[in-house]
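What follows draws every value from the coordinates through simple rules; no lab data is involved. Computed from a predicted model, the values in this text were never measured in an experiment. Methodologically, a virtual Cβ is constructed for each residue, glycine included, from the backbone with ideal geometry; neighbour enumeration extends over all protein chains shown.
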Amino acid sequence: MNLPFKIDLHGKVAVVTGAGGVICSNFAKALGACGAKVAVLDLNKKSADLVAQEITEAGGQAVGVEANVLEVASLKGARQIVRDQLGLCDILINGAGGNHPKGTTSKEYLDSKDLAAGEQEGLVTFFDLDPQGIEFVFNLNFLGTLLPTQVFLKDMVGKKDGVILNISSMNAFTPLTKIPAYSGAKAAVSNFTQWLAVHLSKVDVRVNAIAPGFFVTNQNRNMLFNADGSTTERAAKILNATPMGRFGECEELTGTLLWLVDHKASGFVNGVVVPVDGGFSAYSGV
Ligand code: NAD
């Protein structure tokens, strides 16, 4: 794989959750290319195995592990596999996450006419949001960051130069319309990143986060593109609000990943959330 620069991760064990997905498979491959032994964790074992195989074929060392970031027993099982096959975790990337239609309104603004008209096919107002849907999205992103941290941090305490990297989002700075659960959950991830950085500051574990702008991946492809390949109205709004006028390429996150993981490069960087967003979070829209 093409890296913007290389860091030396030989002797390190990296655990990446959600690593069967688009962004974090790239993260796993980049860490593997820098010499880390990589545990590729995902709910979907098949995609985890495929990524691990790619890392191995490129000359690295990796293992695919089925793990649900919402189940402590599953995470503890994964930790045992990682310890047995690769060793104790040095680097944890909390990548599993995403939105779900169950936590999403169908319109940007509440419209009194819709309320007066009553139930309509496809209409999900604020009042229709299902508490279980909200809970699912909130848990996946927030608890799905906290629980793997509880499980794998135990390996890091007592070692040197531990690194935890969380994945936040533009929604954490300013919520996007329609997706209150995902926005709230990612704001919680950013807040937790700061809290944890302080909490772990005496045990030599740094905690930071990357807040990606908009990258085309499995979880948002249908939101960004129509069936005929043209961009949706929402994608057009996103591109208008991104000064660089395009989506990001996953490789454009790699430099920030490697910088935040490398103790020599970022040893005094702790508790930050770094936007990689083509200017989205800097732009007021005017
Ligand atoms: P993706 O859908 O390609 O990958 C997500 C992966 O997480 C999938 O492989 C999925 O199987 C896995 N997963 C889902 N639930 C899980 C669970 N309970 N336990 C373990 N694994 C689980 O999406 P992506 O865009 O690559 O997302 C990676 C991270 O980046 C997510 O946290 C997402 O919220 C965040 N993010 C993405 C964007 C973007 O533009 N794509 C922007 C900001 C933040």
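Expressed in units of 2.2 N^0.38 Å, where N is the residue count, the Cα radius of gyration of segment 216-286 is 1.38.
Name the longest site-free stretch of the chain, where the excluded sites are GluC sites (Glu not before Pro) in a DSSP loop with no more than 16 other beta-carbon atoms within 10 Å. Walk me through the numbers on the way to the answer.
Numbers: sites that count: 71, 108, 119, 121, 249.
Counting only loop sites that pass the neighbour cut-off, the longest clear stretch is 122-248.
Of the chymotrypsin sites (Phe, Trp or Tyr not before Pro) found in segment 248-286, those that fall in a DSSP loop while having at most 12 other beta-carbon atoms within 10 Å are 268. Across all Cα pairs in segment 74-211, the calculated P(r) in 10 Å bins from zero up to the longest distance comes to 12, 35, 26, 16, 8, 3, 0 percent per bin. Given a cut-off of 31 Å, name the pairs among 37/264; 37/186; 46/107; 12/237 whose C-alpha atoms lie farther apart than that in the structure shown. Check vs 31 Å cut-off fails for 46/107; 12/237. Taking the DSSP beta bridges in the chain as the whole, what percent of them are antiparallel, to the nearest 5? Here the antiparallel bridges make up roughly 5 percent for the chain. Average projection, convex hull of the Cα set of the chain: 16.0 square nanometres.
In the chain, once you exclude exposed trypsin sites (Lys or Arg not before Pro) (DSSP loop, at most 15 other Cβ within 10 angstrom), what's the longest stretch remaining? Don't skip to the end; give the middle numbers.
Details: sites that count: 6, 107, 160, 202, 246.
The reported range is 7-106.
Calculated mean residue ellipticity, 222 nm, the chain: -11500 deg cm²/dmol, from DSSP H runs (n ≥ 4) at -39500 (n - 2.57) each, averaged per residue and rounded to 500.
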